[in-house]
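Student: The structure follows.
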Amino acid sequence: MEQQVNAKFIHIGKCGGSYIKNTLKIPEYHFWPTRIKQPKYKKNEHYIIWIRDPIKRYISAFNYARSIINTKKSKKQLHTINKKTSPCPKREIKKIKTGVAYNKKYDNLILYFKSANHLAEALSSDNKIERNKALRLMNNSTEHIFKGIGWYLQNGDFIKKKHKEILFVGSVEHMVKDCKAVCKLLHKSYHNNIPIRSNNNNTHKYLSPIAIRNIKHFFNNTDYKAIKELYNYGFIDKHLLNSYDIYIEKVDDKHKDIIKQVKILKNNSDYAFGDILYRQGNRWEYRIQKVLTDTKYRNTILFNYLKVNNTTNCNYTNLLNCIKEYNFKNKLPLPCNNEIVLHLRMGDTVTLDWYLKKNYVSAIENILKNNTIHKITIVTCFSYGAWTKDSLHLRKGAPIWDYTVEKQQKNEETFSALLSKIQNQFNIPIHIYSNEDIDRDFCYCVFSKFYINDRGGFDVLTEKLNQLYLKENTIDHKVI
């Protein structure tokens, strides 16, 4: 059939093209010279196309180029370089012989960025020089980063014009199934013994939420636009389209034990420090009454404070005394003098724009400039302020704040990403302090010598109380 219809394979970089090429053994369009701004296709052809999640394709493209430019092989190893031992023998040999793999400008831009995540985050960096470097690299037509799905498919225009000539569209995500289908279409035998080339050089594949947002924005009118046209013309199904639209981060295996230490509060409806003491949100009055009347809140910090303080403005001195009394009565642990305490507001806030987007690394760096730190303790819990039946009438369009599996998964994945960022930057042990009793977490934050707060009412409150406490400094802390 391929002879009758003049079948050509559109080999989009980092979309499993080498495997498809070896499987189908038909002519291909692949990697036009840099000077060509748009691919040119001949008439009277029919096309087979392979695509991939644009974000994963981007990560693979960056790592591919960096591995070639950063090769550690020497001239003595030239005879060992071939398609089995190198991602691109021609480029790697050129790098060894001349010191340049692509061109000096492109090589230097690739090496400037430590990882795909670094490059992606730099697209929105406050550092103008770094942001411009990122934009120059992303728009450089030398390699696969720029020449993606949108470039090959002309941002969807190719599909509009040539949809009748497209024979088949496969995906990396369904490689074997799609290979069998296209082989059947072309009356070819499918042999599943062709090795699928994988990247085994331990490169970084992680992208932060900011990086993901930036890459989606960058490719919005290119790769994603072309993929949507493939869907519009029936070449891919809605499931695949949706899977590309929602990039799923994964929890790093080394963080699973850490994340398990974080308590999940699925129904923390009433006990909210910020809302109650700053009288904000739709439920603050309702919550005050619950804390004062529900027996489960007896002897809590908020109960002890509210029963003697009914003023509009928060009395920080009285509140700090209640906290000290609670801490002493319950014999709670105190942070050490060489310990950073970092509070993270997680749980229902995962749906908000500011969720885990504070520059925590910079805050830690500022403390380390003049202090010796032996421990970072993250104080947190996955707290969901779901509405109760009794309070639902107060909602009036406010978010539901309920627990769902999807929200929890996103919390854990984003938290894992942040842990990676901190661990990659600092060689300091990280500990978790998490309790179902929120008062315990509250005390630990307030009594820390080095405190980094997050966003939200709880964090505004703990920062003010921490500053007041440090002025008094009436409690002795040990040193690790």
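The values are calculated or read from the model by the stated rules, or taken from the named source; none is laboratory data. None of the values given here were measured: they were computed from a predicted structure. Here Cβ is always computed from backbone atoms with ideal geometry, including for glycine, and neighbour counts include all displayed protein chains.
Student: I'd like to know if the range 73-83 contains one or more residues that are farther than 22 Å from G150 by Cβ and buried (at least 17 other Cβ atoms within 10 Å of the Cβ).
Tutor: Yes, the range 73-83 contains a residue that is farther than 22 Å from G150 by Cβ and buried (at least 17 other Cβ atoms within 10 Å of the Cβ).
Student: Okay, next question. Residue check, Y41 against (1) within 28 Å of N220 (Cα to Cα); (2) loosely packed, with under 12 Cβ neighbours inside 10 Å, all met but one. Which one?
Tutor: The failed condition is (2).
Student: For the range 89-104, indicate whether the set of residues that are of a type in the set (F, W, Y) and either more than 26 Å from the chain's Cα centre (by Cα) or outside the structural domain of K205 (by TED's automatic domain parsing) (or both) is non-empty. Don't jump to the end; show me each part of the working.
Tutor: Kept after step one, since they are of a type in the set (F, W, Y), are these residues of the range 89-104: 102.
With the extra rule that they be either more than 26 Å from the chain's Cα centre (by Cα) or outside the structural domain of K205 (by TED's automatic domain parsing) (or both), the set shrinks to 102.
Looking for residues that are of a type in the set (F, W, Y) and either more than 26 Å from the chain's Cα centre (by Cα) or outside the structural domain of K205 (by TED's automatic domain parsing) (or both), one finds at least one in the range 89-104, hence yes.
Student: Could you grab the pairs with beta carbons closer than 6 Å, sequence gap of 6+ or different chains, first residue in the range 454-469 and farther than 16 Å from I378 by Cα, second one among the basic types (K, R)?
Tutor: If the second residue must be among the basic types (K, R), the pairs left are G456/R345.
Student: Turning to a different aspect of this structure: I'd like the residue in the range 40-77 that is in a loop (DSSP other than H, G, I, E, B) and in contact with a Lys or Arg (Cβ under 6 Å, 6 or more places away or on another chain) and, out of all such residues, is nearest to E92 (Cα to Cα). Give the steps one after another, and end with the answer.
Tutor: So in the range 40-77, the residues in a loop (DSSP other than H, G, I, E, B) come out as 40-45, 52-53, 70-74.
If we keep only those that are in contact with a Lys or Arg (Cβ under 6 Å, 6 or more places away or on another chain) too, we end up with 45, 71.
Numbers: E45: 34, T71: 7 Å.
This residue is T71.
Student: Every residue in the range 388-413 that is charged (D, E, K, R), on the phi < 0 side of the Ramachandran plot and loosely packed, with under 15 Cβ neighbours inside 10 Å, please.
Tutor: Once the filter is applied, which keeps residues that are charged (D, E, K, R), on the phi < 0 side of the Ramachandran plot and loosely packed, with under 15 Cβ neighbours inside 10 Å, the range 388-413 yields K389, D390, R395, D402, E406.
Student: Further question: Looking at (1) in contact (Cβ under 8 Å) with a residue 24 or more places away in the chain; (2) surrounded by fewer than 23 Cβ atoms within 10 Å (Cβ to Cβ), which is the only condition Q423 fails?
Tutor: For Q423, the exception is condition (1).
Student: What is the one condition in (1) assigned to a loop (DSSP other than H, G, I, E, B); (2) at pLDDT 95 or above; (3) surrounded by fewer than 18 Cβ atoms within 10 Å (Cβ to Cβ) that G385 does not satisfy?
Tutor: In the conditions (1) assigned to a loop (DSSP other than H, G, I, E, B); (2) at pLDDT 95 or above; (3) surrounded by fewer than 18 Cβ atoms within 10 Å (Cβ to Cβ), G385 misses (3) alone.
Student: Still on this structure: Taking the range 419-459, which residues are under 26 Å from the mean Cα position of the chain (by Cα), within 20 Å of L320 (Cβ to Cβ) and assigned to a helix (DSSP H, G or I)?
Tutor: Of everything in the range 419-459, those that are under 26 Å from the mean Cα position of the chain (by Cα), within 20 Å of L320 (Cβ to Cβ) and assigned to a helix (DSSP H, G or I) turn out to be G457, F458, D459.
Student: Restricting to the range 347-390, give me the number of residues that are small (G, A, S) and closer than 30 Å to D270 by Cβ.
Tutor: Here the count works out to 4.
Student: Just to be sure before I move on: is N310 modelled with pLDDT of 95 or more, in the same structural domain as D348 (by TED's automatic domain parsing) and farther than 19 Å from C381 by Cβ in the structure I sent?
Tutor: For N310, the condition - modelled with pLDDT of 95 or more, in the same structural domain as D348 (by TED's automatic domain parsing) and farther than 19 Å from C381 by Cβ - is not met.
Student: Evaluate the following for V176: is it surrounded by fewer than 18 Cβ atoms within 10 Å (Cβ to Cβ) and assigned to a helix (DSSP H, G or I)?
Tutor: Yes.
Student: From the list Y326, Y316, which one is hydroxyl-bearing (S, T, Y), closer than 17 Å to D437 by Cβ and more than 33 Å from the chain's Cα centre (by Cα)?
Tutor: On the way: Y316 fails: closer than 17 Å to D437 by Cβ.
Only one candidate qualifies: Y326.
Student: Going residue by residue through the range 135-156, is there one that turns out to be of a type outside the set (D, E), under 23 Å from K421 (Cβ atoms) and either surrounded by fewer than 18 Cβ atoms within 10 Å (Cβ to Cβ) or in contact with a Cys (Cβ under 6 Å, 6 or more places away or on another chain) (or both)? Outline the logic, then answer.
Tutor: Taking the range 135-156 and keeping what is of a type outside the set (D, E), we get 135-142, 144-156.
Checking the rest, the ones that are also under 23 Å from K421 (Cβ atoms) come to 135, 137-138, 145.
From the residues that got through so far, the ones that are either surrounded by fewer than 18 Cβ atoms within 10 Å (Cβ to Cβ) or in contact with a Cys (Cβ under 6 Å, 6 or more places away or on another chain) (or both) too are 135.
So far as the range 135-156 goes, yes, one or more of its residues are of a type outside the set (D, E), under 23 Å from K421 (Cβ atoms) and either surrounded by fewer than 18 Cβ atoms within 10 Å (Cβ to Cβ) or in contact with a Cys (Cβ under 6 Å, 6 or more places away or on another chain) (or both).
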